[in-house]
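**Q** Would you mind keeping the following structure in view while I ask a few things?
Coordinate-derived values only; no laboratory data. Here the structure is a predicted model, which means the values were calculated and not measured. Positions of Cβ are backbone-derived with ideal geometry, glycine not excepted, and every protein chain shown enters the neighbour counts.
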Amino acid sequence: MKSKELRAKRAKLIEDARALANGETMTAEQVTQFDAMMAEADQIKGQIDRIEKADAANKELAAGIAARAENNGTSPDEQEEDEKRHERVFVAWLRGGIDALAGEDRAFAMQRVQAYQANFKNAGDMGTGTGPGGGYLVPPAFAAQLLIALKDYFTALNLFDEITGGTGADLPWPTNDDTSRRAKIIGENQQVGQGNMNFGQVSLKAFLYATDAILVPWTLMQDSFMDLDAFIRTAIATAFGRTLADDLTIGTGVGMPQGVLTAAAAGPTAKGADLVYDDFVELIHSVNRAYRSGAVFMMNDNSTKALHLLKDNQGRPLWVPSLVTGMPDTFAGYPIEVNESMPDIAAGATPILFGNLKNYKFRMVNQVSVVRLNERYADYLQTGYFGYARFGGGLPSAAQPIKKLVMPGTAGG
């Protein structure tokens, strides 16, 4: 079944579930039926997401090859052929290290390794006989697939403004809040007035992250059916995804990135322990309308459950399931982004974010690299692999473009 048909089926389920809940009270049987229908709707949503993510990933990989071909002055077919060779050499290196390569493949690998080492000041201290201490530079296709897998695990990365670069040095970023600046009427031949642009500056840092070693038994590596690079890619993406989801959401900014929830300005306080329509009206309008274009709500899945039955002052459902491929559900007219690192609705918590998340900057220095540990686990007849990369994040804006809803109470949020 295509995603469009699944979306229509899901919308009908949600509509029927709402019909059960239209009365003042619900019988036990109606509650059970409602829960079953919403559970099925959630299952269909997962199926829709998987289909559309696969389609989007294929398009993204093809676009990446075309872009790299243009940068390298080659045709897409030539670029794809070169990347296939790179991938073949990389997989051979994963299975047997540099000693598993010979002839042109070995020369190809060593050329890439030496170019990679040249990026480090102490490159001369790193040997080249065992797959270098800095790891073998992953092929473009692997890197692109890894980033897609990472974004699949932590979908908010698609909404942040991604900044890539070859150095992890502090990145100065200018800040300015010019929302109050206005033009004015002047007379003919009258001199215009003067006004200063008040700029500030913050530094976006990058922090070194590494996964735990991924141990692969030699017997498993010898089995040709094992897709080793996909196995390692998934393991690395999952490990980074779990950590970045938390750090880029609730990170303190001290020795780690500043999470978007931490950086967001406090918005209105909810009127009570249970969310009502007025809370969202206040939250939306607490963000200057200049920053509402492209805005979304961000919350965890438990919070979305609390919103399914909310209605506006005219009795219209606020939650609108999407019927369009690639478009998210909306709430009070704005898309909803589910982020499981957001806190639950509780006293003193800040469970809902609102704003254009492109104002949050996600830093990725170079790309994820893979290191092969040849000897460390040899006595267990295993080879270890780990990934490392440098990531950062922050909200370098003086204009408070993202606000968080504060729940009443005294507990931490």
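**Q** Which shape class, rounded, prolate or oblate, goes with the range 48-112 when its Cα gyration tensor gives a ≥ b ≥ c as root eigenvalues, a/c under 1.5 marks rounded, and past that a/b bigger than b/c marks prolate?
**A** Oblate.
**Q** Compute the acute angle (0 to 90°) between the alpha-carbon long axis of helix 140-153 and the principal axis of greatest extent of the alpha-carbon atoms of the chain; round to the nearest 10°.
**A** 30
**Q** Order by neighbour count: TRP93, TRP218, TRP319, fewest other Cβ atoms within 10 Å first, most last.
**A** Details: TRP93 24, TRP218 13, TRP319 17.
Listing TRP93, TRP218, TRP319 from fewest to most nearby Cβ atoms yields TRP218, TRP319, TRP93.
**Q** Along the Cα→Cβ direction, 7 angstrom out, place labels at ARG376 and GLN222. What is the inter-label distance in nm?
**A** 2.4
**Q** I've got another one for you. Amide H of ASP312 versus every other amide H placed in the peptide plane: which residues, excluding those fewer than 5 positions away on the same chain, fall under 5 Å?
**A** Long-range HN contacts for ASP312: LEU318.
**Q** Could you list which residues have their amide H under 5 Å from that of GLY393, counting only those 5 or more apart in sequence or on another chain, with H placed in the peptide plane?
**A** The answer is LYS205, GLN258, ARG363.
**Q** What fraction of the DSSP beta bridges in the range 236-342 is antiparallel, stated in percent and rounded to the nearest 5?
**A** Values: 6 of 9 bridges.
Once the DSSP bridges in the range 236-342 are tallied, antiparallel ones form about 65 percent.
**Q** Under the rule of -39500 (n - 2.57) per DSSP H run of 4 or more residues, summed and divided by the residues of the chain, what mean residue ellipticity at 222 nm is obtained, to the nearest 500 deg cm²/dmol?
**A** Values: 10 runs with 162 residues, N = 413.
Dividing the helical sum by the residues of the chain leaves -13000 deg cm²/dmol.
**Q** Lysines within cross-link reach of LYS45: Cα-Cα under 24 Å, excluding same-chain residues under 8 positions apart?
**A** Straight-distance partners of LYS45: LYS2, LYS4, LYS9, LYS12, LYS53, LYS59, LYS151, LYS305, LYS311.
**Q** If you don't mind, another one. For the chain, take the longest principal axis of its alpha carbons; what is the angle in degrees between that and the long axis of helix 277-286, to the nearest 10 within 0 to 90?
**A** 70
**Q** Can you give the relative contact order of the chain as a percent, counting alpha carbon pairs under 8 Å and 6+ residues apart?
**A** 21
**Q** Which shape class, rounded, prolate or oblate, goes with the range 253-394 when its Cα gyration tensor gives a ≥ b ≥ c as root eigenvalues, a/c under 1.5 marks rounded, and past that a/b bigger than b/c marks prolate?
**A** Taking the square roots of the gyration eigenvalues as a ≥ b ≥ c, the range 253-394 is prolate.
**Q** With point charges of +1 on the Cβ of Lys and Arg and -1 on the Cβ of Asp and Glu, referenced to the Cα centre of the chain, which listed residue (LEU283, ASN158, ALA62) lies farthest in the positive direction of the dipole?
**A** Positive-most Cα among the choices belongs to LEU283.
**Q** Still on this structure, please answer the following. Which one, (i) 40, 25, 20; (ii) 44, 31, 21; (iii) 40, 31, 19, gives semi-axes √(5λ) of the Cα gyration tensor in Å as derived from the coordinates shown?
**A** Only one option fits the structure, namely (ii).
**Q** Once both axes come from the Cα atoms, what is the angle between helix 76-96 and the longest principal axis of the chain, in degrees from 0 to 90, rounded to 10?
**A** Helix 76-96 sits at roughly 70 degrees to that axis.
**Q** Follow-up question, since we're still on this one. By average Cβ neighbour count within 10 Å, what is the ranking of 357-367, 32-42, 275-285 from highest down?
**A** Working: 357-367: 20.4, 32-42: 15.0, 275-285: 17.7.
By packing density, highest mean first, the sequence is 357-367, 275-285, 32-42.
**Q** Could you calculate the contour length gain from LYS12 to ALA57, that is, 0.36 nm times the residue separation minus the distance between their Cα atoms, to one decimal place in nm?
**A** Net length gain for the segment: 13.4 nm.
**Q** How compact is the range 263-335 by the rule of thumb for globular proteins, expressed as Cα Rg over 2.2 N^0.38 Å? If you can, show how the numbers build up before the last one.
**A** Values: Rg = 12.7 Å, N = 73, 2.2 N^0.38 = 11.2 Å.
It is 1.13.
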